[in-house]
Amino acid sequence: MGGNILLSILCSVGIIEVLVNIRIVRGFSMKVRIEDTCTACGLCVDTCPDVFEMADDIAQVIVDEVPEGLEDDVRQAAEECPSESIIVE
Ligand code: SF4
């Protein structure tokens, strides 16, 4: 019985390890969102038009996840946003 519990724990750890490794191999996906403090200056759209777009009176994110290779542009947009409305997750 103790062996079964030990085996069960080891299997659980193994599964977690596999899941972690898959995430490491695939890389961490970046998500970004814009808070309603956006002043619609358009700077983020200029910096990264593949991720940001102007809606009526606020910028919006047009992707579910930041495409590979655009992470630095999104970070730059977040750093330069005058109202600090871009939240990188
Ligand atoms: S840079 Fe900031 S304030 Fe300007 S449009 Fe983008 S989210 Fe809005």
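What follows draws every value from the coordinates through simple rules; no lab data is involved. Please read these numbers as outputs of a predicted model, since none were measured by experiment. Note that each Cβ is placed from the backbone with ideal geometry, even for glycine, and that neighbours are counted across all protein chains shown.
Of note:
- For the range 45-81, backbone nitrogen atoms closer than 18 Å to the point 7 Å from Phe28 Cα along Cα-to-C-beta are found at 65-79.
- Amide hydrogen neighbours beyond the local backbone of Val32, cut-off 5 Å, H modeled: Val66, Glu89
- Each 10 Å bin, from zero up to the one with the longest distance, holds this percent of the alpha carbon pairs of the range 31-89: 28, 63, 9.
- Approximating the spin labels as points 7 Å out from Cα along Cα→Cβ, the Glu89-to-Ile62 distance works out to 2.1 nm.
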